[in-house]
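The values are calculated or read from the model by the stated rules, or taken from the named source; none is laboratory data. Given the structure is predicted, the values throughout are model-derived calculations rather than measurements. So basically every Cβ, Gly included, is an ideal-geometry build from the backbone, and we count neighbours across all protein chains shown. For the accessible areas, the whole protein counts, side chains as well, though only heavy atoms, and no ligand, DNA or RNA atoms are used. Shrake-Rupley method; radii C 1.70, N 1.55, O 1.52, S 1.80 Å.
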Amino acid sequence: MIEDDEGHARLIEKNIRRAGVNNEIIPFTNGTDALAYLFGPDGSGMVSSGRQLLILLDLNLPDMGGVDILEKVKANLHTKRSPVVVLTTTDDSREIQRCYDLGANVYITKPVNYDGFANAIRQLGLFFSVMQVPETR
C-alpha cells in the first residue's frame, strides 16, 4: 500500500481485513521507498519476481506522482502483471483514462468526506473478498 495519509491507510487496512483478506500489507508513505522495495537494491525488479503482489496506489504522494510509479511498475518485466488498484482523490477524467491506459486494474476516487471514503473502502474490501487475492508465502 502506497498511501501518505496515515488515517486513510488505517481505514483501508481495517476494511480489507474486515472483508476477510489476511495477506500481509506493507505500508509505504512515499514512492521512493515503495519503488526501492518493488525493484530491489539493483533496480531490476527481479526481487519481486517471486512475490504475489497487489499494489494499492495513491496518486498524490509527497515525493513523486503515483502515475510515475504506475508507469514504472507496468514497464518492468517482473512487476508488470501485478494488479494495481489506484485509490486517490483525483477525479479528472483524463487522469483516470491515463491510469487505465498505463495498466491500472481498478481506479477508485476517494471521496473527501469521511463517510463517503469509508463506504468506498468497504466496497473495495468486498471487491477483494470476491476476487481471488494471491496468498503471500
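Here are some notes:
- Hey, Gly7 open to solvent by less than 70 Å² (accessible area, probe 1.4 Å), at pLDDT below 95 and either more than 14 Å from the chain's Cα centre (by Cα) or farther than 19 Å from Cys99 by Cα (or both) or not: yes
- Output for the range 18-44, where each listed residue is farther than 18 Å from Lys72 by Cα and in contact with a helix residue (DSSP H, G or I) (Cβ under 8 Å, 6 or more places away or on another chain): Arg18, Ala19, Gly20, Val21, Ile25, Ile26, Pro27
- Residue match in the range 11-30 (condition: in contact with a strand residue (DSSP E or B) (Cβ under 9 Å, 6 or more places away or on another chain), β-branched (Val, Ile, Thr) and at pLDDT 95 or above): yes
- Scanning the range 10-35 for residues that are in a loop (DSSP other than H, G, I, E, B) and either open to solvent by less than 70 Å² (accessible area, probe 1.4 Å) or closer than 22 Å to Arg81 by Cα (or both) turns up Ala19, Gly20, Val21, Asn22, Asn23, Glu24, Ile25, Ile26, Pro27, Asn30.
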